[in-house]
Every structure is written in structure tokens, then in C-alpha cells.
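Accompanying notes for the structure given below.
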């Protein structure tokens with residue numbers, strides 16, 4: 001058991017170490033620090049479309065590189081962050097955003113989990129009330145007397 | 001009995017959701033470009049000096065197929081495209097997407113003229129060997145036109161109508177099923193309108 005834990009710990013430590021190493025690899029072409037700073041923030045918000053669970057900032061895919069170059073170009077054209085995002089959404093759809101815009105189409109996505117939570121709490125409340133009524137009902141006078149007598153012995 | 005019906009219904013609902021979710025291809029991202037005018041560009045073609053832009057094909061229905069010689073899945077669909085080009089009146093325009101890869105520049109970066117020359121040579125050889133389904137092919141060396149079209153994986157195929165509006169996008173190799181059940185009916189529909 002102890003050895004298992006130790007191995008697990010070493011494995012986890014290794015995984016964390018590798019992650020930081022990987023993060024260090026994606027180096028920006030630092031020709032204009034201002035552009036790079038804005039790119040760094042924007043790229044965290046944009047999804048790489050090839051490796052879908054990575055942001056543009058962390059992805060090594062070639063398309064991610066191209067898209068970073070595209071975003072750099074747009075930043076140099078003095079577009080605002082919102083304009084740049086719209087530019088990419090027009091081409092790749094909402095999927096390119098890590099945080100999709102709140103609009104009727106994405107309402108289920110944003111509010112669905114809370115609706116489910118409210119529903120679950122309501123269900124739980126109803127169930128508990130029902131169970132309480134059952135318990136109280138079951139303890140009739142006769143049962144109570146029998147229990148008392150049993151407890152006395 | 002009634003007590004079990006509600007959880008059962010809930011469970012069945014969940015099963016349906018999961019079943020549908022599992023059948024869907026997460027790589028297939030719906031394109032926002034369908035129903036929008038095809039983005040304009042002007043690019044050099046595979047042969048000749050005349051650049052091509054989508055406006056040149058206004059007034060006819062055409063297919064726009066993203067390909068590259070390094071793309072394995074493109075070889076898969078290639079025979080079908082060749083076959084299709086023989087039988088149909090709809091022209092296929094190829095978009096040679098980022099033909100020059102990092103590996104080609106291992107011995108130092110190439111300049112634009114050399115890149116275009118190498119890309120043309122290799123693409124022509126590919127088409128001579130495997131058949132040429134394309135009316136013409138445009139060379140998108142840096143992939144910027146690809147970005148305008150929302151390309152995220154090669155091959156991709158677009159159907160563009162007479163007004164120059166994108167009507168359909170298919171990601172991945174065109175299979176006989178896709179051709180029969182999606183592309184052909186849509187081509188007929190947009191040719192008629």
C-alpha cells in the first residue's frame with residue numbers, strides 16, 4: 001500500500017513536471033512585446049481547432065501557429081479584442097471561443113447545469129418530506145407502547 | 001409500479017442523449033460560413049500566370065476542395081474526385097493548402113518564389129500520377145486563405161452556388177456515401193435554382 005502511494009506520488013510529480021516543461025516550450029516570437037502581451041491573453045481564450053482541448057496559447061499544432069500569426073496580424077491592425085474574436089468566430093464558429101457568448105443558442109449550456117441543480121434540490125426536498133411523513137406515520141401508538149416495554153426489559 | 005416509471009423515463013432520456021452524443025463526431029465543427037458568400041481571394045494557380053479568384057466562377061455551381069500532397073486522407077478521396085470530375089459538369093477547384101511544410105525547410109527557409117516552384121512541381125507530379133480532378137488549383141502557401149475559409153483539417157470540400165454563396169461544407173475525405181447522399185442532391189438543387 002505504502003509503495004503504491006509512493007509510486008503514485010512520483011507519477012504525479014512527474015506529470016506536473018512534464019506539464020511545466022511543455023508550457024515552457026511554446027515561445028512567442030517576441031518582436032513587439034505589446035503585441036505579444038495581448039496575444040498571450042487572447043490566445044488563452046481561443047481554442048485550437050485541431051487539438052480541441054487546448055487553447056491557442058498552449059497548442060503546438062501547426063494550425064494553432066497559423067492562427068496565432070493571424071491574431072498577431074489583427075492586433076497590429078489595431079483591432080479590439082472583441083473584433084478579433086468576432087473575426088475568428090465568423091470563420092470557425094462559436095467553437096473557437098473557450099467561453100462561448102451568452103445568447104439564446106448557448107443558454108442551455110450556461111444555465112442548464114443550474115436548472116438541473118434547482119430541479120435536483122426540489123426533488124430531494126420532496127423526497128425527504130415524503131419520507132418524514134412515512135416515518136411519523138409508521139410509529140403508531142401500539143408500536144410506541146411495544147417499543148417502550150421492550151426498552152424497559 | 002408508477003414509482004419506477006419516472007426514474008425509468010429519466011434513465012431512457014439519459015440513454016438517448018448519450019447515444020446521440022456518442023454517434024456524433026466531435027471533430028466535425030459546424031461551419032458558420034454556410035449560407036455566407038465565399039471569402040474573396042486572389043491566388044496564383046498551379047499552371048499559368050493568371051491568378052484565380054472566386055468571382056471568376058460567378059454564375060456557376062462549383063466545388064472547392066482543400067488538398068495537399070502530404071495529406072494522407074486526400075489520397076483516400078482522390079480516386080472518387082477523379083471519377084466525379086469525369087462524369088459531372090460541376091468544376092472542382094483545388095486549394096493546395098500549405099504544400100510547403102516545415103520539413104521542406106529543414107535546411108533553411110525558402111523564399112516565396114522557391115516555395116511556389118517546389119509546391120507546383122510536387123503537386124503536378126502528384127496529379128500526373130493519380131489523375132487530375134481539378135479544373136484548376138490555387139496555391140495557398142501560407143494557409144491564410146485556408147483561415148478565411150475556416151479550414152482546420154485537410155481535406156475539406158465546399159459547395160459554392162451561382163451567386164458565390166457557400167452552401168455546404170464537408171470536413172474529411174469525401175466518401176461515396178457523402179457524394180451520393182449529400183453532395184449530388186445539393187449540386188442538383190443549386191444547379192436548378
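Scanning the range B:18-34 for residues that are within 12 Å of chain A (Cβ to nearest Cβ) and at pLDDT 80 or above, we see that the one that is surrounded by the most Cβ atoms within 10 Å (Cβ to Cβ) is B:31. In this structure, is residue A:105 assigned to a helix (DSSP H, G or I) and at pLDDT below 85? It is true that residue A:105 is assigned to a helix (DSSP H, G or I) and at pLDDT below 85. Within the range B:87-108, the set of residues being away from chain A (no Cβ under 14 Å) and either surrounded by 13 or more Cβ atoms within 10 Å (Cβ to Cβ) or over 24 Å from the mean Cα position of the chain (by Cα) (or both) comprises B:88, B:90, B:91, B:92, B:93, B:94, B:95, B:96, B:106, B:107, B:108. Only one of the numbered conditions (1) in a helix (DSSP H, G or I); (2) modelled with pLDDT under 90 is violated by residue A:128, and that is (2). Kindly check whether there is at least one residue in the range A:65-88 that is farther than 21 Å from residue B:98 by Cα and within 12 Å of chain B (Cβ to nearest Cβ). There is at least one residue in the range A:65-88 that is farther than 21 Å from residue B:98 by Cα and within 12 Å of chain B (Cβ to nearest Cβ). Within the set B:84, B:126, B:64, the sole residue that is assigned to a helix (DSSP H, G or I), under 28 Å from residue B:32 (Cβ atoms) and either out of contact with any strand residue (DSSP E or B) (no Cβ under 6 Å at 6 or more places or on another chain) or away from chain A (no Cβ under 14 Å) (or both) turns out to be B:84. For residue A:67, state whether it is touching a strand residue (DSSP E or B) at 6+ places or on another chain (Cβ under 8 Å), assigned by TED's automatic domain parsing to the domain that holds residue A:92 and at pLDDT 90 or above. Taking the combined requirement at face value, the residue satisfies it. Here residue B:184 passes the criteria (1) modelled with pLDDT under 95; (2) crowded, with 20+ Cβ neighbours inside 10 Å except the one numbered (2). Return yes when residue B:44 is within 14 Å of another protein chain (Cβ to nearest Cβ), touching a helix residue (DSSP H, G or I) at 6+ places or on another chain (Cβ under 7 Å) and either surrounded by fewer than 18 Cβ atoms within 10 Å (Cβ to Cβ) or in contact (Cβ under 8 Å) with a residue 24 or more places away in the chain (or both) and no when it is not. Criteria not met by residue B:44. Residues satisfying the criterion are absent from the range A:62-73 (criterion: part of a loop (DSSP other than H, G, I, E, B) and without any contact (Cβ under 8 Å) to a residue 24 or more places away in the chain).
Annotation: of all residues in the range A:89-108 being more than 14 Å from chain B (Cβ to nearest Cβ) and more than 15 Å from the chain's Cα centre (by Cα), the one that is surrounded by the fewest Cβ atoms within 10 Å (Cβ to Cβ) is A:104. Looking across the range B:136-190 at every residue that is in a strand (DSSP E or B), over 17 Å from residue B:68 (Cβ atoms) and more than 12 Å from the chain's Cα centre (by Cα), the one that is farthest from the other protein chains (Cβ to nearest Cβ) is identified as B:167. When residue B:115 is tested against the conditions (1) without any contact (Cβ under 8 Å) to a residue 40 or more places away in the chain; (2) under 16 Å from the mean Cα position of the chain (by Cα); (3) surrounded by 14 or more Cβ atoms within 10 Å (Cβ to Cβ), the lone failure is (2). Taking the criterion of being in contact (Cβ under 8 Å) with a residue 24 or more places away in the chain and part of a loop (DSSP other than H, G, I, E, B), the residues of the range A:90-102 that qualify are A:98, A:99.
All of (1) more than 23 Å from the chain's Cα centre (by Cα); (2) modelled with pLDDT of 90 or more; (3) more than 14 Å from chain B (Cβ to nearest Cβ) hold for residue A:111 with one exception: (1).
The values are calculated or read from the model by the stated rules, or taken from the named source; none is laboratory data. Please read these numbers as outputs of a predicted model, since none were measured by experiment. Note that each Cβ is placed from the backbone with ideal geometry, even for glycine, and that neighbours are counted across all protein chains shown.
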